[in-house]
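The values are calculated or read from the model by the stated rules, or taken from the named source; none is laboratory data. The structure presented is a predicted model; accordingly, all values stated were derived computationally and were not measured. All Cβ positions, even for glycine, are placed from backbone atoms using ideal geometry, and neighbour counts span all protein chains on display.
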Ligand SMILES: C[S@@+](CC[C@H](N)C(=O)[O-])C[C@H]1O[C@@H](n2cnc3c(N)ncnc32)[C@H](O)[C@@H]1O
């Protein structure tokens with residue numbers, strides 16, 4: 001609940017904040033990993049104001065943009081008012097409001113460290129994928145910057161890549177890779193001199 005209120009509150013400033021936290025290269029690498037095919041359908045989980053969704057629309061895909069925060073979705077809808085290929089859905093990553101085997105790709109950028117049960121969320125993402133569909137998750141490697149749990153409502157202080165690999169395998173994915181995406185997440189504490197500098201992983205797997 002605290003997490004949802006936080007994102008509702010910062011939604012109007014999210015694009016500006018995000019530009020300071022991590023670069024467009026994260027999106028470029030996530031989209032490149034999936035080798036997108038025009039006309040296919042993708043879900044963007046924890047879509048926020050549409051960082052990943054924007055790239056999917058530009059690539060000619062139909063997009064289900066899913067987020068727990070109605071305010072985030074409203075801001076995205078306003079930004080992409082001319083994009084008729086986006087469907088906006090309020091929902092929880094652990095109980096996705098999407099039927100089984102409905103999409104060809106699932107993306108989740110910086111959402112996993114906010115969910116209560118990451119393994120359950122991955123399982124849900126795999127459930128909505130078509131046979132041979134691809135899941136691509138970009139998120140934080142394990143870190144020890146505790147202020148992010150207080151100031152940014154992060155539930156998880158990043159993840160061990162081995163754990164992510166295990167959750168992908170347990171969800172039934174094949175051809176799993178979990179690597180450094182080549183970019184870092186940088187966050188200055190609002191209250192202290194703490195400055196988080198965290199590597200970002202990219203995980204992918206095929207159903
Ligand atoms: C750090 S923001 C990232 C937003 C976007 N993916 C981006 O890269 O700019 C995390 C987003 O995940 C959403 N979120 C957090 N927990 C969620 C959950 N359990 N289910 C759905 N969305 C969630 C938040 O509302 C927020 O919009």
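So that you can scan it fast, the table gives a plain yes or no per residue for (1) within 12 Å of the ligand (Cβ to nearest atom); (2) within 30 Å of residue 144 (Cβ to Cβ):
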| position | (1), (2) |
| --- | --- |
| 48 | yes, yes |
| 51 | yes, yes |
| 68 | yes, yes |
| 87 | no, no |
| 95 | yes, no |
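Residues being near the ligand (Cβ under 9 Å from one of its atoms) and modelled with pLDDT of 95 or more are entirely absent from the stretch 123-134. So is residue 97 under 21 Å from residue 48 (Cα atoms) and surrounded by fewer than 17 Cβ atoms within 10 Å (Cβ to Cβ) or not? Yes: the conditions hold for residue 97. Test residue 190 against the criterion of being surrounded by fewer than 16 Cβ atoms within 10 Å (Cβ to Cβ) and outside any strand (DSSP E or B), and give yes or no. Answer is yes for this residue. Restrict the check to the stretch 164-175 and report whether at least one residue is more than 16 Å from the chain's Cα centre (by Cα) and in a strand (DSSP E or B). Yes, the conditions are met somewhere in the stretch 164-175.
When the strands (runs of 3 or more DSSP E) confined to the stretch 64-157 are screened for residues that are without any contact (Cβ under 8 Å) to a residue 40 or more places away in the chain and either under 26 Å from residue 21 (Cα atoms) or in contact with a helix residue (DSSP H, G or I) (Cβ under 7 Å, 6 or more places away or on another chain) (or both), those reaching at least 1 such residues are found at 86-90. Scanning the stretch 17-46 for residues that are near the ligand (Cβ under 10 Å from one of its atoms) and either within 11 Å of the chain's Cα centre (by Cα) or touching a residue at least 12 places away in the same chain (Cβ under 8 Å) (or both) yields 18, 21, 22, 26, 27, 30, 44, 45, 46.
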